[in-house]
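The values are calculated or read from the model by the stated rules, or taken from the named source; none is laboratory data. Computed from a prediction, not measured in an experiment: that's the story for all the values here. Here the Cβ is made from the backbone with ideal geometry for all residues, glycine too, and neighbour counts use every protein chain on show.
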Amino acid sequence: MSLPPGFLDELRTRISLTHVVGRKVMWDNRKSNPGKGDMWAPCPFHHEKTASFHVDDQKGFYYCFGCHAKGDAIGFVRETENVEFMEAVRILATEAGMPMPERDPQAQAKADKRTQLTEVMEQAVQHFRLSLKTGAGAAARDYLERRGLDAATQDQFEIGFAPDGWQHLWDHLTGKGVAPDLIIDCGLARPSTKGGKPYDVFRNRIMFPIRDARGRCIAFGGRAMDPNDNAKYLNSPETELFDKSRTLYNYAPAREATGKGAPLIVAEGYMDVIALTQAGFGAAVAPLGTAITEPQLQLLWRVADEPIMALDGDRAGLAAAHRVIDLALPLLEAGKSLRFALMPEGKDPDDILRAEGKGAVQKLLESALPMVQLLWQRETEGRVFDSPERKAALDKVLREKIALIRDRSLQGHYGQAIKELRWQLFSPRRAPSGGGKSGKGGKGSWGKPDMAARPSTKQSLLATSRDGVQDHKREAVILAALIATPDICHDFETPLQEMECHDQLHAKLRDLLLRHAADGKSAVDAEINRAVGTDALENLMKLPHVAISTPVRHPGDVALARMTVAEELAKIAARRGLQAEIMDAAEDLMGLADEAVTWRLGQAAEARNRAVRSQQEDQAEYDLAENGARINRGEREEFDALLDKISFSKTRR
């Protein structure tokens, strides 16, 4: 069976070789660079322990430096699944959502015709480029110079000019022996309705060749030189070569630049892409006069995990961003999303580059909004939510949008992000009690004189919540235990990295332990003394809750230190988990409260009470022996009473 022309190219465009190979191998995360599509793993074709199997996702090829196996996605499926070529194509087409074509006995003839069409398109590229350098192209050259496009950029993008005449290109191509039907099938000319010669589609326009992922010219875009022309920009009609919903301008060079670390930028037009590239943003693409489509989104995600939509800062640009959100939500996957760099009102990237330079665009790209933020802005900006009905309507719309996400885990994360934004918008904020004036004697709203708190008071533990004080004390015990016995640091590396230290000293000590614990206690002590000074370390160890802790009293006891650190870390995690649950349930109460929410609050409150009772029981029922063991106070009293009885009995004898 022969496949129709372009089918395999489309298939390779839609699938990711990393995804196909990833089902059979375990990637070496230390050696791989997912952002550049540069992946390494042990070879699936021969037994080895090192990662010598290389996948270049940008180029779509794999190669093993051990057994020299190489190929593309189709070849990989053939080798690993032990299937024939067409069956491998069928497997990948099903995965990509592409129906297999029916048997086509004329496929080879069509392939030959596509080759002929691309050859005609290349002749048109050369004709337009030469026309730009003639007298007829003088106005076009002046326009390009005013737009800041230097000669090197014009050559890079192969910019040309279509003279103002009905048959300039037609006469040139037919004079070269090109068949008339090929010119028409390329979309370069249209048949006359008046019985005359076919006429050129592009007239008096600056011409931008549009190339596919393999670098072949498949269409043109033309910018009108006549300001009164009805169509400022005109693209080729759809042909056997060109499907504008599946094509992005400058895609192949942008893919290469992204592989070298450049951010993928999606602009609105040719001039934006060219200006961005000339300014050093080499990975810029644009759709072709239409809104972003699903196939174009898949093309973008083949190249980058988070393309940046750099849309014009007008109402149309914002509307385009909103359409992209609705299109993208059902297609999102873990690690695949979009960010939005909205330009200032009435400006596009080209305007900003010419007026403010590269740095201004870089700042806009760095501050690009995640998609969830723009979704929230769309539903809330400029609206007032001063009634339960309006708040409920907002909740309904957002729930419907989040429900479009197919990935359940990602859906949950979006829901949590929306909850946090909702909390910020609707949570009640009490006015500062001493800031307002009542009109008498400069007193605040509570009738007391205004008194500014000292900085030291604001930062003291007494000014923080009780839970914050407890966490601070536990951090001190954890750090002291690890300083006394640094050999156990590697057991707690991850929770230590995630520990939110309450002051700079704790953070600095944690970082020093993580870096130098493996070097031994003497090295740890030396680094800490050098970094924070002996006084700071002595003050930490003298704190009452630290000085009485078992690991400090018995330095070097690995078992006791490990048990103490594990318990204190667990208490911090449990307390923060309870707090998060209570905040989450309280946020839900801002919406529609039901029995489930109140039950959650009751359970959270009871859990908190149990935690408090447990701590009180620890303090009330247990004493600490000299060897660090906990002794039940009641059992100890009974034991002491028994010893007294024995002693009394011996005395009487």
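A few points about this structure:
- Unmet requirement for V83, which otherwise passes all of (1) in a helix (DSSP H, G or I); (2) closer than 30 Å to T115 by Cα; (3) not acidic (D, E): (1)
- For region 239-286, filtering for residues that are in a loop (DSSP other than H, G, I, E, B), surrounded by 21 or more Cβ atoms within 10 Å (Cβ to Cβ) and not aliphatic (A, V, I, L, M) leaves 7.
- Here T293 does not fit the description of being modelled with pLDDT of 90 or more, buried (at least 20 other Cβ atoms within 10 Å of the Cβ) and either closer than 22 Å to K232 by Cβ or of a type outside the set (S, T, Y) (or both).
- Test result for I218, in contact with a Leu (Cβ under 7 Å, 6 or more places away or on another chain), assigned by TED's automatic domain parsing to the domain that holds A231 and assigned to a strand (DSSP E or B): yes
- When region 379-393 is filtered for residues that are closer than 13 Å to L421 by Cα and in contact with a helix residue (DSSP H, G or I) (Cβ under 6 Å, 6 or more places away or on another chain), only E379 remains.
- Beta carbons closer than 7 Å, at least 6 apart along the sequence or on distinct chains, pair a first residue in region 403-420 that is within 17 Å of D326 (Cα to Cα) and without any contact (Cβ under 8 Å) to a residue 24 or more places away in the chain with a second that is crowded, with 17+ Cβ neighbours inside 10 Å and of a type in the set (A, V, I, L, M, F, W, C) for Q411/I402; Q411/I405; G415/I402.
- All of (1) in contact (Cβ under 8 Å) with a residue 60 or more places away in the chain; (2) surrounded by fewer than 18 Cβ atoms within 10 Å (Cβ to Cβ) hold for P370 with one exception: (1).
- Among the residues examined, T485 qualifies as polar (S, T, N, Q), closer than 26 Å to A574 by Cα and touching a residue at least 24 places away in the same chain (Cβ under 8 Å).
- Residues that are outside any helix (DSSP H, G or I) and at negative phi were ranked within region 522-578; the one that is surrounded by the fewest Cβ atoms within 10 Å (Cβ to Cβ) is I548.
- Considering (1) of a type outside the set (A, V, I, L, M); (2) without any contact (Cβ under 8 Å) to a residue 12 or more places away in the chain; (3) under 14 Å from Q278 (Cα atoms), the lone condition that D142 does not fulfil carries the number (3).
- Restricting region 80-103 to residues that are among the hydrophobic types (A, V, I, L, M, F, W, C) and free of Cβ contacts under 8 Å to residues at least 60 places away in the same chain leaves a set whose member that is farthest from Q298 (Cα to Cα) is V83.
- Region 216-253 - residue that is at pLDDT below 90 and among the aliphatic types (A, V, I, L, M) and, of those, farthest from the chain's Cα centre (by Cα): A231
- In this structure, L512 does satisfy being within 37 Å of the chain's Cα centre (by Cα) and either in a helix (DSSP H, G or I) or among the small types (G, A, S) (or both).
- Consider region 508-521 and keep the residues that are of a type in the set (A, V, I, L, M, F, W, C) and surrounded by 15 or more Cβ atoms within 10 Å (Cβ to Cβ). The one that is farthest from R474 (Cα to Cα) is A517.
- Scanning region 8-36 for residues that are of a type in the set (K, R), under 14 Å from A96 (Cβ atoms) and part of a loop (DSSP other than H, G, I, E, B) gives no hits.
Yes or no, residue by residue, for (1) within 24 Å of A403 (Cβ to Cβ); (2) touching a residue at least 12 places away in the same chain (Cβ under 8 Å); (3) of a type in the set (G, A, S):
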site: V285; (1), (2), (3): no, yes, no
site: A291; (1), (2), (3): yes, yes, yes
site: E294; (1), (2), (3): yes, yes, no
site: D314; (1), (2), (3): no, yes, no
site: L327; (1), (2), (3): yes, yes, no
site: L331; (1), (2), (3): yes, yes, no
site: K336; (1), (2), (3): yes, yes, no
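- One residue stands out in region 52-69 among those that are in a loop (DSSP other than H, G, I, E, B) and in contact (Cβ under 8 Å) with a residue 24 or more places away in the chain: the one that is surrounded by the fewest Cβ atoms within 10 Å (Cβ to Cβ), namely C67.
- Those helices (runs of 4 or more DSSP H) lying entirely in region 352-425 with at least 1 residues hydroxyl-bearing (S, T, Y): 371-380
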